[in-house]
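Only one structure is covered here, and it is reproduced in the block below.
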Amino acid sequence: MILVSLDIDGTLEIGDPPGPLTLNAVRKAIEDGCIIGSCSDRPLSAQRDLFAKHNIPLRFSVSKHMLPDVMERFEAEAYYHVGDREDLDKIYAERAGFSFLWPNEAVEAEFFQL
């Protein structure tokens, strides 16, 4: 089981600015059994509403400083956070024990391959 935490802006195609990771790739990862959630600077309700609008079921929505709680809540073989900012995404991911992927690296990850 793989857990993937997703930033939105600069990461996903629906972000502002848009990023390279498509919603179809996210749906595929969910279908393949990945635990998918959002981890953004946006308010939690806005994160949940955005994914709900696109019919993507999230297992969690958190702020970046809450990544350690995600690891406590879900048991997985690997934990990833995908984001586009070194000063926020990468630092918080690594502090929480997550592997960090830039959006262009995530597009190439096996779990997002269509």
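Working out 0.36 nm times the residue gap between MET71 and LEU23, then minus their Cα-Cα distance, what length gain in nm do you get to one decimal? Spell out each step's value before the answer.
Working: separation 48, 0.36 × 48 = 17.28 nm, distance 2.34 nm.
Going from the current span to full extension adds 14.9 nm.
Which three extents, in angstrom, do the Cα atoms of the chain have along their principal axes, listed largest first?
Extents along the principal axes: 28, 27, 25 Å.
For the chain, what is the accessible area per residue in Å², given a 1.4 Å probe and the full set of protein chains? Each step should come with its number before you reach the end.
Working: 5850 Å² over 114 residues.
Here the per-residue accessible area is 51 Å².
How high is the relative contact order of the chain, in percent, counting Cα pairs under 8 Å that sit 6 or more residues apart?
32
Please report the carbon-and-sulfur percent of the accessible area for the chain; probe 1.4 Å, protein heavy atoms only, DNA, RNA and ligands left out.
The nonpolar share, carbon plus sulfur, comes to 48 percent.
Binning at 5 angstrom from zero up to the longest distance, how are the C-alpha pair distances of the stretch 50-114 distributed in percent?
3, 16, 24, 24, 25, 8, 0
Along the stretch 22-37, what does the Karplus equation 6.51 cos²θ - 1.76 cosθ + 1.60 (θ = phi - 60°) give for ³J(HN,Hα), rounded to whole Hz, x for Gly and Pro?
My calculation for the stretch 22-37 gives 8, 5, 5, 5, 5, 4, 4, 4, 5, 4, 7, x, 5, 8, 10, x Hz in order.
The values are calculated or read from the model by the stated rules, or taken from the named source; none is laboratory data. As the structure is a prediction and not an experimental result, all values here were calculated from the model. Quick note on the areas: whole protein, heavy atoms, side chains included, nothing else; ligands and nucleic acids left out. Shrake-Rupley method; radii C 1.70, N 1.55, O 1.52, S 1.80 Å.
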